[in-house]
1. If the viscosity is 0.890 mPa s and the temperature 25 °C, what translational diffusion coefficient in µm²/s does Stokes-Einstein give for segment 19-72 when Rh comes from Kirkwood over Cα pairs?
2. Taking N as the number of residues in segment 1-48, what is its Cα Rg relative to 2.2 N^0.38 Å?
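Laboratory data are not the source of any read-out in this text; all were calculated from the coordinates shown. In this text, all values refer to a predicted model and were calculated from it rather than measured experimentally.
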Amino acid sequence: MQTKNPYLDEIAKFTTAAAGIAQAAADEAKTAFRSQADRMVAEFDLVRREDFDVLKAELAALRAEVDALKGARPAAAPKRAKKGE
């Protein structure tokens, strides 16, 4: 036979409330930490990885194009003397 003990009921309610408060505090701390981290990242003016990879690929393509243009250019001809010199 099970009896209801008011003290145990109160302890159960208290622990349930305490667990809820602890969870809310953890969520609040997590939000505050993320906010502070976002603020620090904004102050450092960092570049996102995706943007860096795009610029790196563009730079590689431009270097290849410059190298191709340098290879296609004829050898430098000797300078001609200007008229009247």
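1. Values: Rh = 15.0 Å.
Result for D is 164 µm²/s.
2. On the way: Rg = 20.7 Å, N = 48, 2.2 N^0.38 = 9.6 Å.
Working it through for segment 1-48, the quotient is 2.17.
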